[in-house]
Amino acid sequence: MTLLSVEGLNVRFPTGDGTVHASRDVSFSMEPGEVLGLVGETGSGKSVIGQAIIRLLPASAKISGDIFFDGQELTRLPDQRMHALRGRTISLVPQNPSGSLDPLVRNGMQIAEIFIERGEKKQAALDAAKNLLVAVGLIPSDRIAREYPHELSGGMRQRLTTSIAIAEHSRLIIADEPTKGLDYHARETTARVLAGIREREQASLLLITHDLYLAERLCDRIAVLYAGEIIEIGPASQVFRNPRHPYTQALIRAMPKNGLVPLEGQSPSLMALPMGCSFASRCSFMSDRCCTDHPGLIQDDREGGVRCHNPCSG
Amino acid sequence: MHYYLAKRLGFLVLTILAASVLAFVLLHAVPGGSAETIARHTLVGLEDSVSDEVLTQVSQQYNLADPLWKQYITWLSGIVMRGDFGASFVYLDTPVASLLSLAIIPTLVLACTSMLIVIALGIPLGIYSAIHENSPGDLVIRCATVVSIAFPSFWVALMLILVFSLTLDWLPVTGYGTPANLVLPATALALHPTAVVIRIVRTSMLDTLGQQYITFAIAKGLSFKNIVWNHAVRNALIPVVTLLGVYFGHLLAGTVIIENIFAWPGIGKLLVDGVFSHDIPVVTSCIVVIVTLFLLVNLGVDLLYHVIDPRIRYE
Amino acid sequence: MSEDATAIPHIRGGTASGYQDRSKNRIIQEIRSRPGFQLCLVLLGVLIVVAALAPVIVPYNPNETSLPHKNEGPSPEHIWGTDYLGRDLFSRTLCAAQTSLIIAFLTVGCAFAAGTVIGCIAAYYGGIVDELVSRCIDLFLAFPGIIFSLALLGLIGAGILNMVLALTLSQWASFARLMRGDVLAIRNLEYVQSARTAGLPDRQIILRHLIPNAIMPVLVLATLDVGHVILATSGLSFLGLGIPPGIPEWGSMVGAGKEFLRTAPLNIIVPGLAIAVVVLLFNVLGEGLRDILDVHKDQVNIA
């Protein structure tokens, strides 16, 4: 049974200078226990999708399309019922863990307050919090629970927010750029923690990242975003081994292990999108049609899809 | 911690000393401190001529023949050694120290009562205003703060007297000693700082509510009440605490005018009376006392700040 | 259209004038979108004209007493009534606007000039100069300066210029502190460094580069300070300090009228409202400017 199904999601931000089309016609679905990676450059609209699912977009955002979660449509759910899902059923590993932890609250209480909110006694809640700290490798948990967030390193804060996201065994965990701004060592640890979650919890993980190594390592399926659209989606092994969209190919060629070949040009402004394919101006396979016709997402026979007029056969 | 405290106390003493030099030099350099003026003001009357004998006596009593720096040293060592603030030019039998000790309690009572009003009104209203941003209540509060900052406090004091004392006859106009005497001056004095504190709390609250840890608290599934009180308010009040010290200083300055309207026997009244009677020792001492009070309160607030914000470490 | 503007900033904005053009346009746009601010500007314009022409346009000599007509209520002859000496309150209130504005503008002007120059020198030269000036600024900001103004004014006696002097002493330090911070922030930027390397004399660097680029927040502070100084002036003159007899001033009008609070409250209400309206206008102007020029709030806070 499908856990999450996003259908034709559009998110727009009206600004003084025009409308920003942050995500356009995004559709995908996730099965229970599946790990789906949303990959793309900064500004490709991947974080916006995660925020739309857990409904934490700013009030100015204009949302259309449907998000079905476990049979309920989330975008039109009453606020109270949506809020009841947050933390318990859908949880978030936020971008920028340093800014996401209340500087005045001790690390243990950052977790424990969730249990207290649900009616636990303070001491029991703190004990449960310490167990979670151990689970993400923050030891000695007694000392760390007593400290404040500013006393932790960036990677430790990342693990702390991760432990908060798994505190209530949510069915969907949205991890928003979990390795952004971390050094190599902390990235490795984060990847191990996330892999551990994958093993232990039965949750689905929506991994939003620009880090292709992390995606390759953790994901069952991959969706590649460009200028707010999904331009290729499919099983991770297939997307990494046989990328069909020229942009995906370029991304993979740009990975250090593949020779670090950079992609020329810039992605188009989300305020002034071209009529045809968004990638046309940077594409080496561009044809006349690419400049005039906006390509649709073509399903292929291998449970994936590609948004290209001239996809590589792979 | 001890090192930090020592450093702060050292700075406090230096600032008080510098302020006392400034006050002493500035005020004694002004014509008005000559033996002749003092004698005219207090002993013989403005119209009469002063005999040489009187001049010598006055000059000796106040060390006026000494150079300015020597006068300052004498005065300062008197304060430090014996708590003696010198002799008044006007109250011939009462030393300045006694005048000050009589006046300081009323001023503290008035300023602290006002401070309580500022905190009790300013913080809740500021929080309310921020949580209900752009609601009718918020708009009313914002307009009220903008308008009340524009009214001079002495005018507000007189209007309060007009309404509550002269027209309704609920409260006494002047006097000191009962709580009823305190109501009008404390209210008039609190008006400006309250308005300012409301605005600061509101801005700080809105800023805090936009922080990522608030968004994450929502994502954690915490209740609105929990988020506002345990996360937003605590963080928002930290910058406010430091400013409360500064506003206590404004309150002290405000007492100068308010005490004169309500005939409140505090430092402010002593200072203004001293200014009008050219009683330079009293004026200088009042300034030093007000500055000291203000600096002590700010030091206290600063230490408090270090207690409530775990990110700050004593250096 | 908008694409053009964002696409070629490095061509159009390459010269300094290009940037200035754009920011000027933005400021004009911002002002256009704020009707309240426009109204405030118009009212302030009217106020300044009225204050400047007050002695000519008022119906009565503001100092002309008429004891038989003392403490009268509003009438066709005296639209706001008369004071305790029978002087026309309307005329006095209008003429007092001139007094208040002259004192406020002179004070803020002096504090602004002194603070800007001192702050700029401290930040530009750094080292021992900066250390000395900073300690001095700290000292003046360490306690409510109005107390000093009051004591000083009482001893040097009444006079418009004395008032300005006493108030400037209590105001200059906040300008100096703000200017010092601004200059420190831009002192090491590339263009200042290159001006130095090019061998421009210090005076020119300070006047041509540092002051113009650091001045915006200080200007906002100055606008907000006008209201502040008007209130301080009225407070001092309410106590009977600083304003020589014969010059109408709102604070001293209230101070003198307070004996007649019960019988003739207009003596107090009228000048008090005048103070509030003018201070309100300057505060709205200052806060509007702060938003329009996008000066960070923490930088400018004197209220």
Determine the dipole magnitude for region A:35-186: charges of +1 sit on the beta-carbon of Lys and Arg, -1 on that of Asp and Glu, nothing else is charged, the reference point is the Cα centre, and the result goes in debye to the nearest 20.
200
Other chains near B:225-235: what is the mean number of their Cβ atoms within 10 Å of each residue's Cβ?
2
Spatially proximal aspartates and glutamates relative to B:K220 (Cα-Cα < 16 Å; intrachain offsets below 8 disregarded):
A:D79, A:D102, A:E113, A:E117, A:E120, A:E168, A:D176
Taking only Cα atoms of region A:70-170, the Rg to Rh ratio with Kirkwood Rh works out at 1.01
For peptide C:236-249, the mean count of other chain Cβ atoms within 10 Å per residue Cβ is 2
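Starting from the residue with the highest accessible area, list B:W229, B:W264 in decreasing order, probe 1.4 Å.
Ranked from most to least accessible, the order is B:W229, B:W264.
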Just by accessible area at a 1.4 angstrom probe, what is the order of B:D52, B:D273 from largest to smallest?
B:D52, B:D273
With the 1.4 Å probe rolled over protein heavy atoms, chain A has an accessible area per residue in Å² of 43
Give the Debye-formula value of log10 I(q)/I(0) at each listed q (0.06, 0.09, 0.13 Å⁻¹), with one equal scatterer per alpha carbon of chain A, two decimals each.
-0.21, -0.48, -0.96
For A:S269, the accessible surface traced by a 1.4 Å probe with all protein chains present amounts, in square angstrom to the nearest 10, to 60
Each label point is 7 Å from the Cα along the Cα-to-Cβ direction; what then is the distance between the points at A:S287 and A:D127, in nm?
6.8
DSSP H segments from chain B that extend 24 Å or more along their own axis, Cα-based, with Kyte-Doolittle mean of -1.0 or above
B:2-29, B:96-131, B:179-209, B:234-261, B:280-308
Total accessible area buried between chains B and C, 1.4 Å probe, in Å² to the nearest 100?
3800
Using the Cβ atoms and a cut-off under 13 Å, what net charge is assigned to the surroundings of C:G240, where Lys and Arg are +1 and Asp and Glu are -1?
-2
Quote the accessible area belonging to C:H78 in square angstrom, nearest 10, computed with a 1.4 Å probe and with ligands, DNA and RNA left uncounted.
20
Excluding A:R307 itself, calculate the net charge of residues whose Cβ lies under 9 Å from the Cβ of A:R307, where each Lys or Arg counts +1 and each Asp or Glu counts -1.
-2
To the nearest Å², the heavy-atom accessible area per residue of region C:92-301 with 1.4 Å probe amounts to 38
What order, most packed first, do the peptides A:40-51, A:181-192, B:140-151 have when packing is the mean number of other Cβ atoms within 10 Å of each residue?
A:40-51, B:140-151, A:181-192
Calculate what fraction, in whole %, of the accessible area of chain C sits on carbon and sulfur atoms when a 1.4 Å probe is rolled over the protein chains.
63
Give the angle, between 0 and 90 degrees and rounded to the nearest 10, that separates the Cα long axis of helix A:107-117 from the longest principal axis of the Cα atoms of chain A.
90
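Shape of region A:99-148 from its Cα gyration tensor (a ≥ b ≥ c, root eigenvalues): rounded if a/c is under 1.5, otherwise prolate when a/b > b/c, or oblate?
Taking the square roots of the gyration eigenvalues as a ≥ b ≥ c, region A:99-148 is oblate.
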What is the helix-to-structure angle for A:154-165, meaning the angle in degrees between its Cα long axis and the longest Cα principal axis of chain A, kept from 0 to 90 and rounded to the nearest 10?
80
Rounded to the nearest 0.05, FRET efficiency between C:L85 and C:L39 (Cβ-Cβ, R0 41 Å) equals 0.65
For B:F89, solvent-accessible area (1.4 Å; no DNA, RNA or ligand), Å²
10
Amide H to amide H, which residues 5 or more places from A:Q95 or on other chains are under 5 Å from it, using H placed in the peptide plane?
A:D176
Candidate residues B:V156, B:V282: accessible-area rank, largest first, probe 1.4 Å
B:V156, B:V282
Just grab the label-to-label distance for A:R241 and C:E131, each label 7 Å out from Cα along the Cβ direction, in nm (one decimal).
7.1
So for R0 = 30 Å, FRET eff. of B:R8-B:R82 from the Cβ-Cβ r, to 0.05, ends up at 0.65
Cα shape, chain C, gyration tensor, a/c 1.5 rule
oblate
Tell me which of A:A167, A:L206, A:G18 sits at the most positive position along the dipole axis of chain A, charges placed on C-beta atoms (Lys, Arg +1; Asp, Glu -1).
A:A167
From other protein chains only, count the Cβ atoms within 10 Å of every residue's Cβ in B:144-151, then give the mean.
5
Please say if the protein assembly as shown is rounded, prolate or oblate, where rounded means a/c under 1.5 for a ≥ b ≥ c the square roots of the C-alpha gyration tensor eigenvalues, and otherwise the choice is prolate for a/b larger than b/c and oblate otherwise?
prolate
Going 7 Å from the Cα of A:D66 toward and past its Cβ, which residues in region A:1-29 have a backbone nitrogen under 15 Å from where you end up?
A:2-10, A:26-29
What pairs from B:K269/C:K70; A:K122/B:K225; A:K121/B:K225; A:K46/A:K257; C:K70/C:K258 go past 21 Å between their alpha carbons?
B:K269/C:K70; A:K46/A:K257
Taking chain B as a Gaussian network, where each spring joins two C-alpha atoms under 10 Å apart, which residue of B:G83, B:G274, B:G266 fluctuates the most?
B:G83
Where in region A:182-218 does the label zone of A:E41 land, with the point 7 angstrom along Cα→C-beta and an amide N cut-off under 17 Å?
A:209-212
Indicate the residues belonging to region B:264-297 that lose 10 Å² or more of solvent-accessible heavy-atom surface (probe 1.4 Å) upon moving from the chain alone to the assembly of all protein chains, ignoring ligands and nucleic acids.
B:L271, B:V272, B:V275, B:F276, B:H278, B:I280, B:V283, B:I287, B:I290, B:V291, B:F294, B:L295
By per-residue mean of other Cβ atoms within 10 Å, what is the highest-first order of A:139-147, A:217-225, A:277-285?
A:217-225, A:277-285, A:139-147
Order the peptides B:110-123, C:94-107 from the highest to the lowest mean number of other Cβ atoms within 10 Å of their residues.
C:94-107, B:110-123
Using a Förster distance of 51 Å, how high is the FRET efficiency between A:N310 and B:Q212, based on the Cβ-Cβ distance and rounded to 0.05?
0.75
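Could you work out the local net charge near A:L77, counting Lys and Arg as +1, Asp and Glu as -1, over the other residues with Cβ closer than 13 Å to its Cβ?
Net charge around A:L77: 0.
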Semi-axis lengths, Å, chain B, gyration tensor of Cα atoms, sqrt of 5 times eigenvalues:
46, 26, 13
Kyte-Doolittle cut-off 1.6, length cut-off 20 Å along the helix's own axis using Cα: show which whole DSSP H helices in chain C pass.
C:35-57, C:266-292
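The values are calculated or read from the model by the stated rules, or taken from the named source; none is laboratory data. Given the structure is predicted, the values throughout are model-derived calculations rather than measurements. Methodologically, a virtual Cβ is constructed for each residue, glycine included, from the backbone with ideal geometry; neighbour enumeration extends over all protein chains shown. Ligands, DNA and RNA are excluded from the accessible area calculation, which covers all protein heavy atoms including side chains. Shrake-Rupley method; radii C 1.70, N 1.55, O 1.52, S 1.80 Å.
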